[in-house]
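Asker: One structure coming up, written as structure tokens, with questions to follow.
The values are calculated or read from the model by the stated rules, or taken from the named source; none is laboratory data. Computed from a predicted model, the values in this text were never measured in an experiment. Virtual Cβ from ideal backbone geometry, glycine too; neighbours counted across all protein chains shown.
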Amino acid sequence: MARANRTAWTGARSTLEHWVEGVLSRLAEDPRAAGAAPAKARVVVLGGGTGLSTVLGGNPALPHWPDRPPAGLTQEFESIHVGVCTTDDGGSTGELVRRLPMIGIGDLRKVMLALVDRAALARRYGADVPAAKIVQRTFLHRFGARAPTRAELRDPVRVLDPALRRACPPALRTALASLTADLAPWLEKRLRVPGHCLGNLLLAAAAYRGIRAPRTPTRAELDRGVAAAAAAIGVPAGQVWPVTAAPGTLVYEYANGVVAAGQARAARVRRGCAVKRVSIAFAAAPRAAPALLARLRTADLIVYAPGSLYSSVLPVLLTPGVVDAIRANRRAVKILGANLWIQEGETDMSFREESRGFWVSELIEAYGRNVPGGIAGLFDVALATSLDTVPGSIIRNYALEDKHPIHLDRARVSALGVMPVEASLFSSDRWQRDSMIHHDPARFAAAIRTVYEGWAGRRPRAARRAAASRAPRPAVGRGPSACARMDAIGSALAAKSVPSAGLRRALADFFWANPDIPPGHLVNFDGVRIVPEAQWQRSREWDNVLGYYDPEARRIMLHELALGRPGLFAPNFAVALGESLLGRYIARKTWLEESPGTNVRAYEIELRPPAERAAVLADAEVRTYLRLAQMAPRPGAPRRYFRPVPNGTGFLPCGILFGLVYAWMLDGASVPALDYEMQILQWPASRLLPYQVRARARHRELVRFFRAAVFRNG
């Protein structure tokens, strides 16, 4: 990037920004202020979630969406193709990938609704038919606590209110019903569960059309299903592409060293520190959609839609082939749509300074940390939302809900070789009416078009190259699909003694909510036993945990309170499950007087021979853990370990500590006292006292051990 260009971007608004604002100021009176007709540029949009669908054609989840004129990128550009994230595992999509070996399709459903060509629907079914509303209400219908009936799957418009159902033309009703025609019995059983969004069921049924046994649809089968659904609801053919057909699970690595799998889990389980990087564990060799790669190589404009940094846009870029195709296209204008608000669990903690949320430069730096090769060839422009005209009262109301804007830091963005463009992209009528700030699809699209037309062909050649860097860890790995993992866990649970069907469901939900737990962690317990208060034998001297592992009975023992109070089951079961991995490792434990007159006792254990332990960990791993638990080997007695304890003080025995750390690795909130202690991992050594530096190093080594030896994700 030429120094003169960077200097111009760093200070006052550029000429291009004034041009953008001029177009946006006229938009209310002239919807075609950006251009008299859609631009002929070939455009590819990448991303996922609500942000992607909103900027394409307006948010189809809003009730008034069918009644308002179409707005978004589809109205400003003649040729739009979309690459959609496929790693979603929350809500209805999560329930599908839990039961079916397939990609997450929730984002695909949102995008397809946003791309519905209402003019084509009117031509096909008549201008007086509410076809768009019928499609919207059908695809967005949620079943709540009940499962869909067989009749509703075979005739989806049955879920509509009577007036809308009567208004549905027979041809549209037939087209929607064709998506679930000839459902295989095994597939129907897995689709008929509560809580689903009907649109997700229709897309899944279309993808599995003709597949007679559980397996992942091939790329051709997935494309065929998407094409069938697109034809049924009026989406132009060949416009939307799931980025890959291989099921994948997002894996987050946090600044404190903890690794956690699952997109929905990252939003649900706050680790209290910044995300360092993210990778994907694919169930099969991931291949990006060939048609999408071809479009990327020949595009005139590539847009990264506003959306979740780590769970919507990065998963697309981490899919092998996508970044190479983007970099190979040296003529396209590449625009990053910066998020408006920080996102809980993703961008609410700055990697540079964890006391605050992200700046726009940190969004770009996160791509550099995660994408192999860094940001070279990925971004030309960062399009950010200006909040200058938003009343402070609205910003304050958002702040009270822990929501803060992602501000544009011009100097740092331009220093990264990316041109900052700030514009009023939010909907003024909505913030005045609802006191809410969101991207307005018409304004965003007009700004994108204006930037493209003002930038294309005018950029200095030097701006096309940014310093390359190498991601320190592979961005793609291998692992079982969520469905295969849950099938294995279901088989293991079926053989165990569980006192009630409700507890069996709670166990299955626990393992689904914690995708880091492999099926191999279930081998050491034969069942679960609920213990009344009067029969609870566990000593309260060292802990107040309501669950433990009985190695002789091979049972996980849960206090009755762990089931009787909300929120107690998962953490206490997690502690006991962690303890079970050690098996019958202790032959004897005792307290000894360490030295007469020193007021110090020693807690001592004697290990069983490795062949007698039934532990998941190998002998060397058990000994490594004991050292990290500050247990020292007795000289001359290789199976005896001890720890001096001054009288009047306490400590956590190694088995309990193992269970607590196991539960903390799954969810820091499960073990708040340990989470408080582990916060020292986030502090630089320069801020700590010498003894704290040693404690920090020990904690960090403990986290590394659990990653490598226990969860095998190191």
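Asker: Going by the conditions given, is ILE556 of a type in the set (A, V, I, L, M), at pLDDT 95 or above and not in a loop (DSSP other than H, G, I, E, B)?
Answerer: yes
Asker: Scan segment 492-510 for residues that are aliphatic (A, V, I, L, M) and part of a helix (DSSP H, G or I) and jot them down.
Answerer: ALA492, LEU493, ALA494, ALA501, LEU503, ALA506, LEU507, ALA508
Asker: Just checking, which of VAL381, VAL421, VAL390 is closer than 30 Å to ALA61 by Cβ, surrounded by 17 or more Cβ atoms within 10 Å (Cβ to Cβ), in the same structural domain as ALA61 (by TED's automatic domain parsing) and at pLDDT below 95?
Answerer: VAL390
Asker: Among the residues of segment 353-363, is any closer than 21 Å to THR54 by Cβ, touching an Asp or Glu at 6+ places or on another chain (Cβ under 7 Å) and not small (Gly, Ala, Ser)?
Answerer: Checking segment 353-363: at least one residue is closer than 21 Å to THR54 by Cβ, touching an Asp or Glu at 6+ places or on another chain (Cβ under 7 Å) and not small (Gly, Ala, Ser).
Asker: Still on this structure, please answer the following. What residue, of ARG224, ARG295, is modelled with pLDDT of 95 or more and touching a His at 6+ places or on another chain (Cβ under 6 Å)?
Answerer: ARG295
Asker: Evaluate segment 99-119: report whether one residue or more is farther than 30 Å from ASP300 by Cα and assigned to a helix (DSSP H, G or I).
Answerer: yes
Asker: Counting only residues that are touching a helix residue (DSSP H, G or I) at 6+ places or on another chain (Cβ under 8 Å) and surrounded by fewer than 18 Cβ atoms within 10 Å (Cβ to Cβ), how many does segment 193-210 have?
Answerer: So the answer is 3.
Asker: Look through ASP543, ASP516 and report the one residue that is assigned to a loop (DSSP other than H, G, I, E, B) and either under 22 Å from GLY90 (Cα atoms) or not assigned by TED's automatic domain parsing to the domain that holds LEU617 (or both).
Answerer: So the residue among ASP543, ASP516 that is assigned to a loop (DSSP other than H, G, I, E, B) and either under 22 Å from GLY90 (Cα atoms) or not assigned by TED's automatic domain parsing to the domain that holds LEU617 (or both) is ASP516.
Asker: Still on this structure: Report yes if some residue within segment 669-689 is surrounded by fewer than 16 Cβ atoms within 10 Å (Cβ to Cβ), among the charged types (D, E, K, R) and more than 26 Å from GLY345 (Cβ to Cβ); otherwise report no.
Answerer: Checking segment 669-689: not a single residue is surrounded by fewer than 16 Cβ atoms within 10 Å (Cβ to Cβ), among the charged types (D, E, K, R) and more than 26 Å from GLY345 (Cβ to Cβ).
Asker: Tell me which residues, restricted to segment 542-557, are more than 15 Å from ILE586 (Cα to Cα) and among the aliphatic types (A, V, I, L, M).
Answerer: Within segment 542-557, VAL545, LEU546, ILE556, MET557 qualify.
Asker: Testing LYS589 on (1) crowded, with 17+ Cβ neighbours inside 10 Å; (2) touching a residue at least 40 places away in the same chain (Cβ under 8 Å); (3) within 22 Å of ARG640 (Cβ to Cβ), one condition comes back false. Which one is that?
Answerer: (1)
Asker: Within segment 406-418, restricting attention to residues that are surrounded by 20 or more Cβ atoms within 10 Å (Cβ to Cβ) and in contact with a strand residue (DSSP E or B) (Cβ under 7 Å, 6 or more places away or on another chain), which residue is modelled with the lowest pLDDT?
Answerer: The residue in question is ILE406.
Asker: Is it true that some residue in segment 452-474 is within 30 Å of the chain's Cα centre (by Cα), at pLDDT 90 or above and of a type in the set (A, V, I, L, M, F, W, C)?
Answerer: There is no residue in segment 452-474 that is within 30 Å of the chain's Cα centre (by Cα), at pLDDT 90 or above and of a type in the set (A, V, I, L, M, F, W, C).
Asker: Hand me the list of strands (runs of 3 or more DSSP E) wholly inside segment 252-348 holding 1 or more residues that are under 27 Å from GLY714 (Cβ atoms).
Answerer: Output list reads 259-261, 275-282.
Asker: Let me ask something else. If ARG212 meets every condition in (1) outside any helix (DSSP H, G or I); (2) at pLDDT 95 or above; (3) farther than 30 Å from ARG704 by Cα; (4) not polar (S, T, N, Q) apart from one, which number is that one?
Answerer: (2)
Asker: How many of the residues making up segment 226-251 are part of a helix (DSSP H, G or I) and in contact (Cβ under 8 Å) with a residue 40 or more places away in the chain?
Answerer: 7
Asker: Quick one: is THR174 of a type in the set (Ser, Thr, Tyr) and more than 28 Å from the chain's Cα centre (by Cα)?
Answerer: Yes: the conditions hold for THR174.
Asker: Considering only segment 614-714, give the helices (runs of 4 or more DSSP H) lying wholly within it that have at least 2 residues that are in contact (Cβ under 8 Å) with a residue 60 or more places away in the chain and closer than 29 Å to ARG584 by Cβ.
Answerer: Fully inside segment 614-714 and qualifying: 619-628, 654-666, 690-705.
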